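Below: one structure, written as structure tokens.
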2 protein chains.
Amino acid sequence: MSDSELSDSEDGNLFKILLATDIHIGQGEKDAEIADDAINTFEEILHIAVEKEVDFVLLGGDLFHENKPSRRCVVKTMELLRRFCIGDKEVNFKMVSDPSLNFSQSKFPVANFDDESLNISLPIFSIHGNHDDPTGVDNLCALDELSTAGLINLFGKQTSLEEVNMSPVLLKKKNCLLALYGLGAMRDERLHRLFTQQKVHFMRPKENMEEWMNVFVIHQNRVSHGPTNYIPEKFLPNFLDLVFWGHEHECQISPMFNSEQDFYVIQPGSSVVTQLAEGETVDKHVALMQVKPGRNFNITPIPLKSTRPFIMRDLVLSETRIEPFHPKVNEKVEKYCTKVVNEMIEESKNKITGHRKQPQKPLIRLRVDFSGGYDPFSFPRFGQRFVHEVANPRDIVKSFKKAKEAKRREKNSE
Amino acid sequence: MSDSELSDSEDGNLFKILLATDIHIGQGEKDAEIADDAINTFEEILHIAVEKEVDFVLLGGDLFHENKPSRRCVVKTMELLRRFCIGDKEVNFKMVSDPSLNFSQSKFPVANFDDESLNISLPIFSIHGNHDDPTGVDNLCALDELSTAGLINLFGKQTSLEEVNMSPVLLKKKNCLLALYGLGAMRDERLHRLFTQQKVHFMRPKENMEEWMNVFVIHQNRVSHGPTNYIPEKFLPNFLDLVFWGHEHECQISPMFNSEQDFYVIQPGSSVVTQLAEGETVDKHVALMQVKPGRNFNITPIPLKSTRPFIMRDLVLSETRIEPFHPKVNEKVEKYCTKVVNEMIEESKNKITGHRKQPQKPLIRLRVDFSGGYDPFSFPRFGQRFVHEVANPRDIVKSFKKAKEAKRREKNSE
Ligand SMILES: [Mn+2]
Ligand SMILES: [Mn+2]
Ligand SMILES: [Mn+2]
Ligand SMILES: [Mn+2]
């Protein structure tokens, strides 16, 4: 990876790719307040892609939140894809691998931009995530509908549960060579086992093998949830240049170099807040990847401006001046929490970007530790006073134990 | 309507339209034997459209059997539409009405063949049926997904429950003018009431009003199921030239002239057997409609060749020589039924067309009247012996009362 931003080359040797993942369209759909958050940010992402004139968009899975997205979700997604991806703008790169290997499960084993009947201006490549994974005897997922309609290029589907064979999508823009490996989500334990059994194979192009920049899109646990319930980076082959890690929602937009494996890892994180948890407090981003011949690449983070503000704080009551045995302790606790939530609402205003579709009401999560003799109050009732100011009034406050939380973290970092 | 087939005009003034309806993709999907019957016939229909070089296909609703068709159905349907409807062949007619009136509920209020980003070779216009009707606050149906993807033109959706206003889709091919009115399925009682309240309005083009051939696509009960539970033809305005009646599955492919209303009615019927009932024994057809300037039109029936053979017979045991009080009567009855079913299987072979995708195992329905002291046997057990010869072994035989049936018919014909 080069340290500085690549200069826009006029010789057409520069690949520009937008990396985005875990868009979770349909997340919170039953809650009118937040129902459109994810789809609006997907619109922003496609808008960025067009504005930055990228060659294509690469998605890391979980485009949809539900395995069977509502008709509304599917229609709204198709509307955006038709609006942003179909048109006369020319696609200036070629797919040179055998598409029947990359899209073997489709009735149209051809990239949409190489189908002469279609008129694609902005190609999208995507793997599936665990939220939108294939099911049933036909092994179809919601993304297959988009793919069959010619709106996206779905790759990385596996047919066997006993072996993984990945043929890269080989893309060529003048002298710039890009090999795209994709693996749709599967159970972590299974993939972990297949790796240990040496049953995961990355095919490599025979010609000019060393000239291809190798990108691998994966949608699995990166953080350990038990010894075999994640994929250690050391399992991945070191011929890779960049691993694009989906599924993990925390935004880690600056590529991390794994010196043992000799590759970078980028984890863009979800584009929408799906859980009121610490990992989601990091500002949301997508990444512009620029690639030049010679496996020379560079990442520019692009902050998302349509994401709903999210503020989270912890409050340990025993560390405040409120006496647990004071006769009016309950009243005092609620008053204190109200004050803190109001501060958080104020703080959230710093996250207003001016984006036309950014929702203004923040998500607020105040975790309160009641240890030491304090009584929890009714959280939904507490939230009622914030109904006009907060997007999630019913669950602003959550009870937690700071000591336990600290232990959990310590354990995780081992 | 002209009596003889119109000659192929070389001046380009001839509109050719394929009429098909009630395709019921997904019907019987859980039964592997018949799961693909409907989709295979849809493929045949699209094949006919291309072969006959029609200008467009007009569908009368119930393209899908289920309101929420399975992913497999949606994907298979999209595959066919992408294969048959997208391509470089030019569309030689124009839509001259305001598409924002005809497609007001779509984010793309434009006919797909008039969208410069799309590359439509075979346009399809469709209304929705009662099987694939819009639901939910967004008033979306499965056809909206196809329409949003640019694969079909969905029209005839109504926004109000209290009034129906139909603006025709105005189509022009040189001097040939066609006004297409469409009304998606709604509850018969409601529409019946709106008609009696004069709340159903057919807008008419202001210019050259008399030169437009007026076709109306409707998906309602045509047969009376109670005084207000159908739409009498006399409710429809007599400026219409042809009413294309969907929903009724019996094929009545020759247009009937309603002399009081001064219009023709064509009822193509379903393209697949959905019920083992008498109406479905009529051979399935679609219709080629040819229109010339001066409201001069002609219908050519086209028999479908991929439809599964269906044979139905009635057997009144008291009219046979089997004595009800014979000690071996049960054995004799079953033997007799077996003989009849074998004859029916033989008869079904006359319906084998040689079409590559026509299923060979017939649907067989033997209705048996056990009146007069005969004991019904177990129909599923009876069917076991035909499991390799009949598509519906479990329900070949059905019990009925001939006397009742006759009464029911008499009543209906009143
Ligand atoms: Mn996710
Ligand atoms: Mn995931
Ligand atoms: Mn029907
Ligand atoms: Mn119907």
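The values are calculated or read from the model by the stated rules, or taken from the named source; none is laboratory data. Being a predicted model, the structure only gives us computed values, none of them experimental. Virtual Cβ from ideal backbone geometry, glycine too; neighbours counted across all protein chains shown.
Being touching a residue at least 60 places away in the same chain (Cβ under 8 Å), of a type in the set (D, E, K, R) and out of contact with any Pro (no Cβ under 6 Å at 6 or more places or on another chain) is true of A:Asp98.
B:Ile45 meets each of the listed conditions (1) within 14 Å of chain A (Cβ to nearest Cβ); (2) among the aliphatic types (A, V, I, L, M); (3) within 16 Å of ligand 3 (Cβ to nearest atom) apart from (1). For A:Leu63, are the conditions met, namely being within 16 Å of ligand 1 (Cβ to nearest atom), closer than 23 Å to A:Leu177 by Cβ, buried (at least 16 other Cβ atoms within 10 Å of the Cβ) and of a type in the set (A, V, I, L, M, F, W, C)? When the stated conditions are applied, A:Leu63 does not pass them.
Note on region A:66-178: enclosed helices (runs of 4 or more DSSP H) holding 1 or more residues that are within 13 Å of chain B (Cβ to nearest Cβ), crowded, with 21+ Cβ neighbours inside 10 Å and within 25 Å of the chain's Cα centre (by Cα) are A:71-85, A:142-148. Regarding region B:88-95, can at least one residue be identified that is away from ligand 4 (no atom under 16 Å from the Cβ) and under 17 Å from B:Leu154 (Cβ atoms)? Yes, that holds for at least one residue. Restricting region B:195-225 to residues that are part of a strand (DSSP E or B) and within 16 Å of ligand 3 (Cβ to nearest atom) leaves a set whose member that is surrounded by the fewest Cβ atoms within 10 Å (Cβ to Cβ) is B:Ile218. Total residues in region A:233-273 satisfying the condition of being within 16 Å of ligand 2 (Cβ to nearest atom) and assigned to a loop (DSSP other than H, G, I, E, B): the figure is 10.
Can we say A:Ala149 is closer than 17 Å to B:Ala149 by Cα and within 16 Å of ligand 1 (Cβ to nearest atom)? It is false that A:Ala149 is closer than 17 Å to B:Ala149 by Cα and within 16 Å of ligand 1 (Cβ to nearest atom).
Return yes when B:Leu19 is away from every other protein chain (no Cβ under 14 Å), in a helix (DSSP H, G or I) and more than 16 Å from ligand 2 (Cβ to nearest atom) and no when it is not. Spelling it out, it is not the case that B:Leu19 is away from every other protein chain (no Cβ under 14 Å), in a helix (DSSP H, G or I) and more than 16 Å from ligand 2 (Cβ to nearest atom). Any residue at all in region A:253-263 that's surrounded by fewer than 16 Cβ atoms within 10 Å (Cβ to Cβ), at pLDDT 95 or above, within 30 Å of A:Pro359 (Cβ to Cβ) and of a type outside the set (Ser, Thr, Tyr)? No, region A:253-263 contains no residue that is surrounded by fewer than 16 Cβ atoms within 10 Å (Cβ to Cβ), at pLDDT 95 or above, within 30 Å of A:Pro359 (Cβ to Cβ) and of a type outside the set (Ser, Thr, Tyr). Would you please name the residue that is nearest to B:Leu317 (Cα to Cα), looking only at residues in region B:364-385 that are surrounded by 15 or more Cβ atoms within 10 Å (Cβ to Cβ) and free of Cβ contacts under 8 Å to residues at least 40 places away in the same chain? This residue is B:Phe379.
B:Cys73 passes all but one of (1) touching a His at 6+ places or on another chain (Cβ under 9 Å); (2) modelled with pLDDT under 95; which number fails? Going through (1) touching a His at 6+ places or on another chain (Cβ under 9 Å); (2) modelled with pLDDT under 95 one by one, B:Cys73 breaks only (2).
Among the residues of region B:354-369, the one identified as farther than 19 Å from B:Pro393 by Cβ and touching a Phe, Trp or Tyr at 6+ places or on another chain (Cβ under 9 Å) is B:Asp369. Among the residues of region B:169-207, those that are farther than 29 Å from B:His225 by Cα and touching a Leu at 6+ places or on another chain (Cβ under 8 Å) comprise B:Val169, B:Leu170, B:Leu171, B:Lys172, B:Lys173, B:Cys176, B:Leu177, B:Leu178, B:Ala179, B:Pro205. For region B:228-252, a residue qualifies if it is under 19 Å from B:Leu18 (Cα atoms) and either away from ligand 3 (no atom under 16 Å from the Cβ) or surrounded by fewer than 19 Cβ atoms within 10 Å (Cβ to Cβ) (or both), and the qualifying residues are B:Leu240, B:Asp241, B:Leu242, B:Val243, B:Glu250, B:Gln252.
For the residues B:Asp132, B:Asp138, the requirement of being at pLDDT 95 or above and touching an Asp or Glu at 6+ places or on another chain (Cβ under 9 Å) singles out B:Asp132.
One residue stands out among those in region B:243-285 that are within 28 Å of B:Met209 (Cβ to Cβ) and in contact with a Pro (Cβ under 7 Å, 6 or more places away or on another chain): the one that is farthest from ligand 1 (Cβ to nearest atom), which is B:Tyr264.
Check whether at least one residue in region A:300-307 is over 30 Å from A:Val243 (Cα atoms) and surrounded by fewer than 16 Cβ atoms within 10 Å (Cβ to Cβ), and report yes or no.
No: zero hits.
Of the residues making up region A:186-228, those that are among the acidic types (Asp, Glu) and within 30 Å of A:Asn13 (Cα to Cα) number 3. Among the candidates B:Lys401, B:Lys361, B:Lys357, the residue that is touching a residue at least 60 places away in the same chain (Cβ under 8 Å), surrounded by 14 or more Cβ atoms within 10 Å (Cβ to Cβ) and in contact with a Ser or Thr (Cβ under 8 Å, 6 or more places away or on another chain) is uniquely B:Lys357.
Flag not set for B:Glu116, criterion: modelled with pLDDT of 95 or more, of a type in the set (Asp, Glu) and away from ligand 3 (no atom under 16 Å from the Cβ). Cβ separations smaller than 8 Å between residues 6+ apart or across chains give the following pairs from region A:16-27 residues that are surrounded by 24 or more Cβ atoms within 10 Å (Cβ to Cβ) to residues that are charged (D, E, K, R) and not in a loop (DSSP other than H, G, I, E, B): A:Ile25/A:Lys76; A:Gln27/A:Asp37. Per the conditions (1) assigned to a loop (DSSP other than H, G, I, E, B); (2) at pLDDT 95 or above; (3) more than 14 Å from chain B (Cβ to nearest Cβ), the sole criterion not satisfied by A:Ala35 is (3).
Which one of A:Val333, A:Val390, A:Val316 is at pLDDT 95 or above, among the hydrophobic types (A, V, I, L, M, F, W, C) and closer than 26 Å to A:His24 by Cα? Give the steps one after another, and end with the answer.
Numbers: A:Val333 fails: closer than 26 Å to A:His24 by Cα; A:Val316 fails: closer than 26 Å to A:His24 by Cα.
Result of the check over A:Val333, A:Val390, A:Val316: A:Val390.
Go through region B:256-270 and give me each residue that's closer than 14 Å to B:Gly60 by Cβ and away from ligand 4 (no atom under 13 Å from the Cβ). Hits for region B:256-270 are B:Val265, B:Ile266.
The set of residues in region B:17-53 that are out of contact with any helix residue (DSSP H, G or I) (no Cβ under 8 Å at 6 or more places or on another chain) and either within 14 Å of ligand 4 (Cβ to nearest atom) or farther than 17 Å from B:Arg356 by Cα (or both) comprises B:Ile17, B:Leu19, B:Thr21, B:Asp22, B:Lys30, B:Asp31, B:Ala32, B:Ala38, B:Lys52, B:Glu53.
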